[in-house]
Amino acid sequence: MSVRTQVVRPSVPPALRLSAPRARGYLRSLDAGAGLLGALATVGLLMLSGVVLLGSLLLSVQRDANALTSGLTDASLSTNLLMALLLTAIVVVSFATGGYVAARLATTGGRLQGVAVWACAMTVPALGVLLAAAGNTLARTVLDAVTDDPALLTLTLSVLAAGLLGALLGADAAQRHRSAALRP
């Protein structure tokens, strides 16, 4: 004699069922609140990374200011490449986290949520730079240096691309986890 257990799921009346919104276009499946929260997670991680890097820089300055200044100005190609890879890794991880958060919070539109995170996180700094450059000569000098130097322009564009890639990877991971959780 064997005892069989059966899972009984209560039925929900049709009037109380929550239906997922049907996407008729890409913009209809965009959840702005989820994208904004993902962007806030991204910015928070970027700021935390910036604080850690600033703290390590201040410790280096406290130890030997002359070595640090000469090291930053006379850095070799391998040191610059290593710093660029570190910056890119921080950006990819931060945006992947934000894309994951946004795609998990949204009901539909996984990759679109990643793009929304990237757009939200990139719009505010871009507007800040443009507004600062319009009224501040120091900001204009920095902006001119970035646009005139091919290496800095390449680094800036690669960080922008890495942010988009990270946000899309995070959104894809969230979609995979959601579909794995829904499988019986």
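The values are calculated or read from the model by the stated rules, or taken from the named source; none is laboratory data. All of these numbers come straight from a predicted model, not from anything done at the bench. We place every Cβ from the backbone using ideal geometry, glycine too, and count neighbours over all the protein chains shown. Just so you know, the surface numbers come from the protein's heavy atoms only, side chains and all, with ligands and any DNA or RNA stripped out. Shrake-Rupley method; radii C 1.70, N 1.55, O 1.52, S 1.80 Å.
What to note about this one:
- Theoretical gain in end-to-end length, Ala32 to Leu86 [0.36 nm per residue, Cα-Cα removed]: 16.4 nm
- Sites Thr79 and Thr123, calculated FRET efficiency, Cβ-Cβ separation with R0 30 Å, nearest 0.05: 0.40
- Averaged over its residues, segment 127-184 has an accessible area of 67 Å² per residue, based on protein heavy atoms and a 1.4 Å probe.
- Principal semi-axes of the equivalent ellipsoid, √(5λ) from the alpha carbon gyration tensor of segment 93-184, are 35, 13, 7 Å from largest down.
- Estimated distance in nm for a label pair at Ser11 and Ser158, the labels positioned 7 Å out from Cα along Cα-to-Cβ: 6.1
- Spin-label pair Val51/Val142, simplified geometry with 7 Å Cα→Cβ offset, distance in nm: 2.0
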